1. Hey, any idea what Rg/Rh is for the range 91-152, computing Rh the Kirkwood way over Cα pairs?
2. At 0.36 nm per residue, and after removing the present C-alpha to C-alpha distance, how many nm does the segment from ASN145 to LEU182 gain when stretched out fully?
3. Would you please calculate the Kirkwood hydrodynamic radius of the chain over all C-alpha pairs and express it in Å, rounded to one decimal?
4. From largest to smallest, what semi-axes in whole angstrom does the range 82-186 give when each is the square root of 5 times an eigenvalue of its alpha carbon gyration tensor?
5. Considering only Cα-Cα distances, which of the following residue pairs are longer than 24 Å: LYS155/LYS176; LYS69/LYS160; LYS16/LYS81; LYS69/LYS178; LYS16/LYS155?
6. On C-alpha positions alone, give me the angle between the axis of helix 146-162 and the longest principal axis of the chain, in degrees, nearest 10.
7. Between their Cα atoms, which of LYS39/LYS185; LYS17/LYS77; LYS110/LYS186 are more than 23 Å away from each other?
8. When the Cα centres of the range 115-186 and the range 58-84 are compared, how far apart do they sit, in Å?
Amino acid sequence: MDIIEKVRNFVEEECKKPSSKYGYEPYLFHFTPVVNYAKILAEELKADKEIVTIAAWLHDIGSIIEGRKDHHISGAKIAEKKLTEFGYPKEKIGKVKQCILNHRGSQNRKRISVEEQIIAEADAMSNFECIGGLFKAAFIYEKLNQIEAQETVRKKLENKWKQLHLENSKKIIEPKYKAAMLLLKK
């Protein structure tokens, strides 16, 4: 089994565990779209596809295992431990960790490599894949009513759109962004 398949299996198994606060859904509706967008961007931007794919699978593992708070930090530690167990080269582990540490749009961290930028953008792009999940979070976790939820989802998608800095990302997401804004307008 290659390293990417080992990492994918690890993430899927963690999402299946009863201890996963969000259950299995993040695997299907978040991790998988992030990986798909990351691969597209890596291809278009001639980035290291292996680093990008592994980082995409692991970018939110801290949230699944330890919770959302500082999940970029816990995720980088979990990734280092797991990739070391898998015998992955140390210098490549460092690159994956940087992608995970710098993926959060809310952290305003300086991204040095194209791989880091790709993971951040793919993470933001994934929000346009499952808008139902954003509403689920608004209703269930935030206990919002329908009007509040619609406003929250609209603002989140506007924010995610603003986090896209690569022309490739904007070109891919623009039709979904425009459709969402049309449906969610005030």
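A short reminder: the numbers here are calculations on the coordinates, not readings from a lab. Quick caveat, the model's predicted, so the values are computed rather than measured.
1. Values: Rg = 15.2 Å, Rh = 13.3 Å.
Here Rg/Rh amounts to 1.14.
2. Numbers: separation 37, 0.36 × 37 = 13.32 nm, distance 2.02 nm.
Additional length available on full extension: 11.3 nm.
3. About 16.7 Å, per the Kirkwood formula over Cα pairs.
4. Details: eigenvalues 189, 57, 24 Å².
Taking √(5λ) for each eigenvalue gives 31, 17, 11 Å, largest first.
5. Values: LYS155/LYS176 15 Å; LYS69/LYS160 19 Å; LYS16/LYS81 20 Å; LYS69/LYS178 31 Å; LYS16/LYS155 30 Å.
The answer is LYS69/LYS178; LYS16/LYS155.
6. 50 degrees
7. Values: LYS39/LYS185 32 Å; LYS17/LYS77 20 Å; LYS110/LYS186 34 Å.
Correct reply: LYS39/LYS185; LYS110/LYS186.
8. One Cα centre to the other: 23 Å.
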